[in-house]
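Structure first, commentary second.
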């Protein structure tokens, strides 16, 4: 009975049916467009600082992540001088990439929440190898570490809640390093990003 009445209403109100369909399609298109804009940034969020003779930068591949999604963090140190420089790392640290390969860790990153409270520091659970490493960088040459954050404060905890977060890079991961025998510690400006549930 109700179905028959509904079908009868559709037959006798074609203009209203057309307007209803048009409104639903328009709303769907608007939602899809807004959602795609939210998830796909037109520019890669990045920040950098020059500390002559190097430039240190941090970048994310997007500004919005689903809760539990890995956050890819790209950290770079570039020689901006017109000559070769020497970087000495004390207490060299290593990390494993996605393929299980070991790489020297030149950076760490720190995540804070909207209240500037520290949520995560990449080197919390890493140990140093207790060695000294000398790295030579030619003019315009750069070092890159690609690290990931699984949105947890520690391996035992669940994902952080949805919200606005900030990330900044630090070189080196702990203490300081020497650039041409001068002690240095460099921190990038922070980048804002969101985690949505």
### Output for region 49-75, where each listed residue is surrounded by 15 or more Cβ atoms within 10 Å (Cβ to Cβ) and more than 13 Å from the chain's Cα centre (by Cα)
49, 51, 53, 54, 55, 56
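Could you tell me which of the residues 156, 136, 118 is under 17 Å from residue 58 (Cβ atoms), more than 14 Å from the chain's Cα centre (by Cα) and either surrounded by fewer than 16 Cβ atoms within 10 Å (Cβ to Cβ) or not assigned by TED's automatic domain parsing to the domain that holds residue 68 (or both)?
Among 156, 136, 118, only 118 is under 17 Å from residue 58 (Cβ atoms), more than 14 Å from the chain's Cα centre (by Cα) and either surrounded by fewer than 16 Cβ atoms within 10 Å (Cβ to Cβ) or not assigned by TED's automatic domain parsing to the domain that holds residue 68 (or both).
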### Query
What is the residue count in region 84-103 for residues that are within 18 Å of residue 149 (Cβ to Cβ) and surrounded by 16 or more Cβ atoms within 10 Å (Cβ to Cβ)?
2
### Query
Are any of the residues in region 123-141 at pLDDT below 85 and in a strand (DSSP E or B)?
yes
## Note on the structure
Of those in region 44-61 that are outside any strand (DSSP E or B) and in contact (Cβ under 8 Å) with a residue 24 or more places away in the chain, the residue farthest from residue 142 (Cα to Cα) is 45
### Message
Report every pair of residues separated by at least 6 positions or lying on different chains whose Cβ atoms are under 8 Å apart, first residue within region 182-195 and at pLDDT below 95, second surrounded by fewer than 17 Cβ atoms within 10 Å (Cβ to Cβ) and in a loop (DSSP other than H, G, I, E, B).
### Response
183/176; 184/176; 185/175; 185/176
### Message
Any residue that is assigned to a loop (DSSP other than H, G, I, E, B) and modelled with pLDDT of 95 or more - is there at least one of those in region 94-111?
### Response
no
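The values are calculated or read from the model by the stated rules, or taken from the named source; none is laboratory data. Please read these numbers as outputs of a predicted model, since none were measured by experiment. Because the Cβ atoms are built from the backbone with ideal geometry, glycine has one as well, and the counts that use them run over all protein chains shown.
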